[in-house]
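First comes the structure, then the notes that go with it.
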Amino acid sequence: MLFSELPLHEQVLEGTKAAHFEACMPVQEKVLPVSIEGSDVMVQSKTGSGKTAVYVITFLEKYLRMRDQGKSSACLIQIS
């Protein structure tokens with residue numbers, strides 16, 4: 001799956017392009033469609049599998065959607 005196939009805010013898509021993200025890694029392909037629609041997720045995967053990008057993209061997407069509605073948002077990421 002390509003990042004451009006996900007229902008992402010234009011600014012998030014610009015960011016993925018700037019970071020040279022084109023195709024989702026397997027964990028991203030499974031989790032991003034669920035997380036950007038608002039479901040809570042917990043991901044366990046190998047280092048370098050794309051987990052951090054899932055959390056960052058999800059937060060940025062939520063932030064921009066809420067900003068466009070005149071609302072604020074917050075994010076907590078716990079790494080252990």
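The values are calculated or read from the model by the stated rules, or taken from the named source; none is laboratory data. Bear in mind that the values here come from a model prediction, so they are computed numbers and not experimental data. Cβ atoms come from the backbone with ideal geometry, glycine included; neighbour counts cover every protein chain shown. Calculation scope for accessible area: heavy atoms of the full protein, side chains included, ligands and nucleic acids excluded. Shrake-Rupley method; radii C 1.70, N 1.55, O 1.52, S 1.80 Å.
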Which numbered condition Lys30 misses (of (1) of a type outside the set (Phe, Trp, Tyr); (2) touching a Gly at 6+ places or on another chain (Cβ under 6 Å); (3) free of Cβ contacts under 8 Å to residues at least 24 places away in the same chain)
(2)
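Scan the range 6-16 and give yes if some residue there is farther than 15 Å from Leu64 by Cβ and open to solvent by 60 Å² or more (accessible area, probe 1.4 Å), otherwise no.
Restricting attention to the range 6-16, the residues satisfying the condition of being farther than 15 Å from Leu64 by Cβ are none.
Within the range 6-16, none of the residues are farther than 15 Å from Leu64 by Cβ and open to solvent by 60 Å² or more (accessible area, probe 1.4 Å).
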Can you tell me which residues in the range 37-72 are touching a residue at least 12 places away in the same chain (Cβ under 8 Å), over 18 Å from Pro26 (Cα atoms) and surrounded by 13 or more Cβ atoms within 10 Å (Cβ to Cβ)?
Phe59, Leu60, Glu61, Lys62, Tyr63, Leu64, Arg65
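How many residues are of a type in the set (A, V, I, L, M, F, W, C) and open to solvent by less than 70 Å² (accessible area, probe 1.4 Å) when one looks only at the range 17-33? Steps first, answer last, please.
Of the range 17-33, the ones of a type in the set (A, V, I, L, M, F, W, C) are 18-19, 21, 23-25, 27, 31-32.
Now restrict to residues that are open to solvent by less than 70 Å² (accessible area, probe 1.4 Å): 19, 23-24, 27, 31-32.
Residues meeting the conditions: 6.
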Is it fair to say Ala53 is in contact with a Phe, Trp or Tyr (Cβ under 8 Å, 6 or more places away or on another chain), of a type outside the set (Lys, Arg) and closer than 18 Å to Ile79 by Cβ?
yes
